[in-house]
Amino acid sequence: MSDYEGVEDTLFIPLTARINISKIFPEYFYDDKALEMENLVKDKQIEKKSSQYTMMASVARSYNLDQMTQEYIDKHDKCNIVNLGAGLETSYFRIDRKNSHYFEVDLPDVIELRKNFIGVGENEKFIKGDLFKLDWCNELDTTLPILMIVSGVFQYFHEEEILEFIRKAKDIFENAELIFDATNKFGIRYSNIYVKRTGNKSALMYFYIENPKEFAKKADCQLIECRGFYRDAIKMLSNKLSLYTKISMKIADKRNNAMILHLRL
Ligand SMILES: C[S@@+](CC[C@H](N)C(=O)[O-])C[C@H]1O[C@@H](n2cnc3c(N)ncnc32)[C@H](O)[C@@H]1O
């Protein structure tokens, strides 16, 4: 058993959500590559233990990260897009990648799973490794602009580990940006209850952000943007979401329960 087994297993939660929402709200989010992997999650009962809100939370994260990644690619001609803790995320297929180089970094077992079920695409590389050790940097041209995407991962670690990771990355890259999701203290409690309910008892979450500006200051980074998850989803799906989901989304955005930070390192 690897040290990270509980965290590795969490990759099935966002995959289930991408499949579920692609079926019920394709006008908001559609991921045909995720739909091809339905067999992988069908016996895991995650869908049964999830609410419409928790499914939307996972997918809204991908929706916003896709938008931010696309903006980055549109602004930079040749660049590196590095998905750290990639799991079975299929953003590679959802984004217009243009001249970017894509890297998917995850622990060895997950990369094997990814190879079997997704396969490596053009201008894409899979890298086995611990994202915090930064050995993956040796596999790419560090002089190119780089956008690191960390989705649904930092929560499982402690603030000091994340700050240390940012410090090391700042030393290595000349021109780097980082986008990642975070919750506040309330959000982390809610997320821990949900992950346990899906059957994963060992993946505990610790890291949360109460004040994004203060976090950026601590990390010695420029805060480019901090956005809530749900603005577009509420607009696009207003009449289709359950009342509970809609109210939860509005409260979450108002109170920073779930947010995406965009930092310049
Ligand atoms: C909740 S999943 C998220 C997967 C993907 N980012 C997504 O949004 O679908 C967390 C992922 O982080 C990976 N992970 C956890 N710790 C890691 C580490 N130290 N280095 C690299 N990957 C890690 C896990 O293996 C898992 O694939």
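The values are calculated or read from the model by the stated rules, or taken from the named source; none is laboratory data. Since we're looking at a predicted model, the values are computed, not measured. Side chains included, ligands, DNA and RNA excluded: accessible areas come from the protein's heavy atoms. Shrake-Rupley method; radii C 1.70, N 1.55, O 1.52, S 1.80 Å.
Take the alpha carbon gyration tensor of region 5-264, find the square roots of its eigenvalues, order them as a ≥ b ≥ c, and report rounded if a/c is under 1.5; if not, report prolate when a/b exceeds b/c, else oblate.
Numbers: a/c = 1.39, a/b = 1.21, b/c = 1.15.
Verdict is rounded for region 5-264.
Length gain on complete extension for the stretch N116 to K78, per 0.36 nm per residue less the alpha carbon to alpha carbon distance? All intermediate terms of the calculation are to be shown ahead of the outcome.
Numbers: separation 38, 0.36 × 38 = 13.68 nm, distance 2.85 nm.
Fully extending the segment from N116 to K78 adds 10.8 nm.
Pairs K213/K254; K23/K115; K42/K240: which exceed 18 Å Cα-Cα?
Going by Cα-Cα distance, K23/K115; K42/K240 fall outside the 18 Å limit.
Once you have the Cα-Cα distance between K213 and D109, take 0.36 nm times their residue separation minus that, and quote the gain in nm to one decimal. Display every interim value, and only then the final one.
Values: separation 104, 0.36 × 104 = 37.44 nm, distance 3.59 nm.
Separation in residues times 0.36 nm, less the Cα-Cα distance, equals 33.9 nm.
Could you tell me the accessible area of I251 in Å² (1.4 Å probe, neighbours in place), rounded to the nearest ten?
70
Per residue of region 134-148, in order, report the coupling 6.51 cos²θ - 1.76 cosθ + 1.60 (Karplus, θ = phi - 60°) as ³J(HN,Hα) in whole Hz, putting x for Gly and Pro.
6, 5, 4, 4, 5, 8, 9, 7, 6, 8, 7, x, 10, 10, 9
Of G87, G152, G187, which is the most mobile in a GNM of the chain whose springs link Cα atoms less than 10 angstrom apart?
Top of the fluctuation ranking is G187.
Considering the chain as a Gaussian network with a 10 Å cut-off on Cα pairs, which listed residue, N184, N211, N192, attains the greatest mean-square fluctuation?
Evaluated over the chain, the most mobile residue of the options is N211.
Which percent, to the nearest 5, of DSSP beta bridges fully inside the chain are antiparallel? Don't jump to the answer; show the numbers that get you there.
Numbers: 13 of 33 bridges.
In the chain, approximately 40 percent of DSSP beta bridges are antiparallel ones.
With 31 Å as the limit, write out which pairs from K133/K246; K33/K75; K98/K218; K48/K250 have Cα-Cα distances beyond it, or answer none.
Values: K133/K246 40 Å; K33/K75 26 Å; K98/K218 34 Å; K48/K250 24 Å.
Going by Cα-Cα distance, K133/K246; K98/K218 fall outside the 31 Å limit.
Checking a compactness column here: for region 132-247, what do you get for Rg(Cα) / (2.2 N^0.38 Å), N being the number of residues? Mind showing how you got there, number by number?
On the way: Rg = 16.8 Å, N = 116, 2.2 N^0.38 = 13.4 Å.
Cα-based Rg divided by the globular estimate yields 1.26.
At 15 angstrom or more along the helix axis (alpha-carbon based) and mean Kyte-Doolittle of -0.5 or higher, what helices does the chain contain? Whole DSSP H runs only. Can you show the working numbers first?
Working: long enough: 12-24 (18 Å, 0.88); 52-75 (34 Å, -0.75); 159-172 (20 Å, -0.56); 185-197 (19 Å, -0.62); 243-255 (18 Å, -0.46).
Those that clear 15 Å and a mean of -0.5 are 12-24, 243-255.
What's the center-to-center distance, using Cα atoms, between region 157-184 and region 87-108 in Å?
Here the two parts' Cα centres lie 19 Å apart.
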